Every structure is written in C-alpha cells, then in structure tokens.
Amino acid sequence: MGFHDIQFPPSISFGALGGPERRTEIVALVSGHEERNTPWAHSRRRYDAGVGLRSLDDVALLIDFFEARRGALHGFRWKDWIDHKSCAPSATPEPLDQILGFGDEVRTDFQLQKLYRSGADHYLRPISKPVASSVMVAVGGVQVWPEVDFTLDALTGMVHFFTPPDNGAEVTAGYEFDVPVRFDTDRLETSLATFEASAVPDVPVVELRQ
C-alpha cells in the first residue's frame, strides 16, 4: 500500500462526475424530533471516472493507469475540475487567497488549507496535494519566494519557513491542488460493444484520508 505521486489523466477526469460527501448519523426520537451527529471532521470526495471516457483510446489509457496502480492498492492524484484552486474557478490564484495562520516569531510550519464559507458558518479543508509549481506565499501581504524564504512539501501541503514570520504577520497562500484518491474497486469491466452503444463502465474513485 502506498501513494504514487502521479496525476490521473486529466483528459478523463475532466468529464468525471463527483464531489464531496458527508456522513451524518440521524436518530429519530419517539417524539418525532431528531438527533444528528457526525463522526467525520472532514468531508470525503467520491468520483466516477467512467463518465469521462470518450473514446477507446481513453479506455486503454484508463486500463494502463489502473494496472500501474495495482487497482485499489496505490493512491494517486486526481484533478477535480470544479474545485482545484485556492480561488473561484474562473479566477487565477493569488498569494493572498487563503489565510494559513499568523506568525508568532516561533512557528515555522504552516499547512495549506482552503476556507469554505456560507453565512456565519465555515469549513477549513486541509490541502495535502498542492501543485508545487502553482504555490505562491505571502507574509504580511508581501510575497515571499520558494527556496529563498520557504520550502514546500508537495506530498503533505506543509509550508516551512526558514525564518519564523513576525508576530501577528498574516501568512497567506494561493495555489492549485489535487485530491489524493484511490480506485474504489479492484475490477474494471469494459466491452467494445457496450462502449460503442454509449454505455460507460463504472470506475469509482474515493478520496484518501491523509
């Protein structure tokens, strides 16, 4: 079991179906009221890669990728075309997009994260698989530079500063990112006849907890 730092073919994931899921435990009381709780602190993404298959060449590419990952054994990167930036889908990432924290002249490590807000409520999602070349970081509103001011672990999303940011300085970042996933099956079923009849196979993919 491991993680292969390779991205699923984006030409296939572009047409895939999927998104976040939550787990809510609901208990119906005798009075008719409900008690709701969740054992999950974070949502989990699920996708169907089969929907993105458009040609037999795509099917061959999928089989190559599936075999190289040994089915569900090894994880990989997945580009969620709806949600893969620190900003709005139509915008370009900027170093002030997301707040990572505030300096205290001691702390040197800051985890990439993304804020989802609606009304007075919000959710902070850890970002563990950034696209390294896209990551921009700022401290106190001033952009700082990789390998000069900080390093990035592209397998965890951790930003490490060589010098701790000043006390109270806002640490922000902009980036593109992938989702760590694995195949949620050990079997692919494909057929030339059914594919040509516009029937696509189910290829479930599920996010990895990391």
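Points worth noting:
- Rounded FRET efficiency, nearest 0.05, which uses the C-beta distance separating VAL148 from TYR116 and R0 of 30 Å: 0.45
- Secondary structure note: in the chain, about 90% of the DSSP beta bridges are antiparallel.
- Estimated from helical segments only, the mean residue ellipticity of the chain at 222 nm is -2500 deg cm²/dmol, where each DSSP H run of four or more residues counts as -39500 (n - 2.57).
- Sequentially through the range 97-106, phi angles give Karplus couplings (6.51, -1.76, 1.60; θ = phi - 60°) of 4, 10, 7, 9, x, 10, x, 9, 6, 10 Hz, Gly and Pro residues having no value and appearing as x.
- Taking amide H as placed 1.01 Å from N in the peptide plane, GLN143 has no amide H partner under 5 Å among residues 5 or more places away or on another chain.
- Under the simplified labelling scheme, the ASP5-LEU192 pair shows an inter-label distance of 4.0 nm, with each label point 7 Å from Cα along Cα→Cβ.
- Multiplying the residue separation of LEU124 and HIS74 by 0.36 nm and removing their Cα-Cα distance gives an extension gain of 15.3 nm.
- Near ASP80, the amide H atoms lying under 5 Å from its own belong to VAL179; only residues 5 or more places off or on other chains count, and H is placed 1.01 Å from N.
- Here's the picture: charge each Lys and Arg Cβ at +1 and each Asp and Glu Cβ at -1 in the chain, and of THR185, THR108, GLY2 the one pushed furthest to the positive end of that dipole is THR185.
- Share antiparallel - DSSP beta bridges, the range 1-104, percent rounded to 5: 75 percent
- Note on CYS87 and LEU61: their simple-model spin labels are 2.7 nm apart, each label 7 Å out from Cα toward Cβ.
- Normalised per residue, the accessible area of the range 93-147 is 56 Å², obtained with a 1.4 Å probe and no contribution from ligands, DNA or RNA.
- Long-range amide H partners of GLY75 with built H, under 5 Å: GLY2, PHE3, HIS4
- Taking θ as phi - 60° and the Karplus parameters 6.51, -1.76 and 1.60, the scalar couplings of the range 143-150 work out to 5, 10, 10, x, 6, 10, 10, 7 Hz in sequence order, x denoting glycine and proline.
- The fraction of accessible area contributed by carbon and sulfur in the range 33-109 is 53 percent, rounded to a whole number (1.4 Å probe; ligands and nucleic acids excluded).
- For the chain, the longest principal axis of the alpha carbon atoms and the long axis of helix 56-68 meet at an angle near 60°.
- Integer Hz, Karplus 6.51/-1.76/1.60 couplings in order for the range 107-118, x for Gly and Pro: 5, 10, 10, 9, 7, 5, 8, 10, 9, 10, 10, 8
- Shape of the range 20-175, Cα gyration tensor, a/c cut at 1.5: oblate
The values are calculated or read from the model by the stated rules, or taken from the named source; none is laboratory data. Model, not experiment: these values are computed from the prediction. Please note: Cβ atoms are built from the backbone with ideal geometry, for glycine as well, and neighbour counts cover all protein chains shown. Accessible surface is based on the protein model in full, side chains and every heavy atom, while ligands, DNA and RNA are left aside. Shrake-Rupley method; radii C 1.70, N 1.55, O 1.52, S 1.80 Å.
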